[in-house]
1. Nearest 5 percent is fine: what portion of the DSSP beta bridges confined to the chain is antiparallel?
2. Under 12 Å from the Cβ of Cys26, count the other residues' Cβ atoms, weight Lys and Arg +1, Asp and Glu -1, and hand me the total.
3. Give me the aspartates and glutamates in straight-line cross-link reach of Lys61: C-alpha distance below 20 Å, same-chain residues under 8 apart excluded.
4. Could you tally the net charge around Gly112, taking each other residue with its Cβ under 10 Å from the Cβ of Gly112, Lys/Arg +1 and Asp/Glu -1?
5. Arranged by the count of other C-beta atoms within 10 angstrom, fewest first, what order do Met1, Met106, Met127 take?
6. Compute the distance in nm between two label points, each set 7 Å from the Cα along the Cα-to-Cβ direction, one at Val161 and one at Glu116.
7. In percent, how large is the relative contact order of region 29-168, given Cα pairs closer than 8 Å and 6 or more residues apart?
8. What longest range of the chain stays clear of loop-exposed trypsin sites (Lys or Arg not before Pro) (DSSP non-H/G/I/E/B, at most 11 other C-beta within 10 angstrom)?
Amino acid sequence: MSYAAQHLKETLEIASKIDAADCEKCVGELRATRERGGRLFILGVGGSAANASHAVNDFRKIAGLETYAPTDNVSELTARTNDEGWPTIFVEWLRVSRLNAKDCLMILSVGGGNVEKNVSPNLVAAMQLAKQVGAHIIGILGKDGGYAATVADACVIVPTVNPNNITPHSEAFQAVVWHLFVSHPDLKLNQTKWESVTPLA
């Protein structure tokens with residue numbers, strides 16, 4: 001089997017194993033956030049940060065949900081990294097944004113954060129603040145979900161089907177899953193462009 005065929009086979013297997021009930025629970029959390037006038041903050045590092053930026057657009061434009069990603073402000077991100085250190089970049093951004101009980105964090109992460117192994121401590125600190133102020137937490141996570149899975153109100157775990165491809169599959173399925181969220185009739189408010197101009201066959 002070629003690598004391309006193997007990768008696509010793994011993708012099909014993951015799609016068949018994603019828990020639809022977990023997706024529905026996340027949509028419920030997002031809708032509740034919008035209904036109570038809360039904001040959605042999407043946090044991710046590396047490829048997940050790029051996904052966060054794309055997702056912000058979709059949640060604002062399609063779902064009508066006030067949404068932000070701290071990583072979209074590279075000046076503040078690099079200033080905080082330089083002056084205060086990497087572990088606090090998100091938590092201090094959220095403090096300035098007055099994170100509160102109406103709000104929701106969405107964590108996009110391959111590992112979900114791990115304090116003991118010092119992996120994504122910035123995500124962990126942000127989630128700890130969310131728990132302190134009563135904000136809700138959802139996630140689209142890989143592997144076993146790490147710290148995020150233990151504290152989230154709802155999360156979708158991207159199952160591991162090949163330990164050599166955890167990161168590419170996890171980050172690819174972040175996009176699959178958040179597009180599911182914004183397309184869900186319980187959350188979607190506005191039609192996407194091509195669907196609005198292309199007549200259905």
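Every read-out reported here was derived from the displayed coordinates using simple, explicitly stated rules and does not represent laboratory data. Fair warning: this is a prediction, and the values are worked out from it, not measured in the lab. All Cβ positions, even for glycine, are placed from backbone atoms using ideal geometry, and neighbour counts span all protein chains on display.
1. 5
2. Numbers: positive: Lys25, Arg31; negative: Asp19, Asp22, Glu24, Glu29, Asp153, Asp186.
Net of charged neighbours comes to -4.
3. Glu29, Glu35, Asp72, Asp103, Asp186, Glu195
4. Its environment carries a net charge of 0.
5. Sorted ascending by nearby Cβ count, the order is Met1, Met127, Met106.
6. That separation, rounded to one decimal, is 3.0 nm.
7. Answer for region 29-168 is 23 percent.
8. Maximal segment without exposed cleavage sites: 1-97.
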